[in-house]
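The values are calculated or read from the model by the stated rules, or taken from the named source; none is laboratory data. Note that the structure is predicted; figures quoted are calculated from it, not measured. Glycine also receives a Cβ, built like all others from the backbone with ideal geometry; neighbour counts cover every protein chain displayed.
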Amino acid sequence: MAHGLGYLQELPVDRFADFVWFMLNRNREKRDVAVLRAKLWQPAVGEVVSDPRSPWSRENEAGSLAAFKRGLGG
């Protein structure tokens, strides 16, 4: 607020979300930010993921498991 951001309740939703994300991650290590991002993307139980950007989509999950298998020599 000291840098001219204004009142939080007056911000557009996208700027408010950016502010919240900044406050959540300002003192975190990169690995911890990645863990938080993965938790936020994780779907609720029983929900079907249709967004191809999600790490939990069928394609991305299958690709990750295949890479893990290759890494183990399989």
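Listed by position, the helices (runs of 4 or more DSSP H) inside the chain whose residues that are out of contact with any Asp or Glu (no Cβ under 8 Å at 6 or more places or on another chain) and among the aromatic types (Phe, Trp, Tyr) number at least 3 are 13-25.
Looking only at the stretch 6-14, decide whether some residue is aliphatic (A, V, I, L, M) and at pLDDT 90 or above. Within the stretch 6-14, one or more residues are aliphatic (A, V, I, L, M) and at pLDDT 90 or above. Taking the stretch 31-54 as the range and being modelled with pLDDT of 85 or more and either of a type in the set (Ser, Thr, Tyr) or under 25 Å from Leu5 (Cβ atoms) (or both) as the test, the residues that pass are Asp32, Val33, Leu36, Arg37. Residues in the stretch 1-27 that are surrounded by 10 or more Cβ atoms within 10 Å (Cβ to Cβ) and either under 25 Å from Ser57 (Cβ atoms) or within 14 Å of the chain's Cα centre (by Cα) (or both): Ala17, Asp18, Val20, Trp21, Leu24, Asn25.
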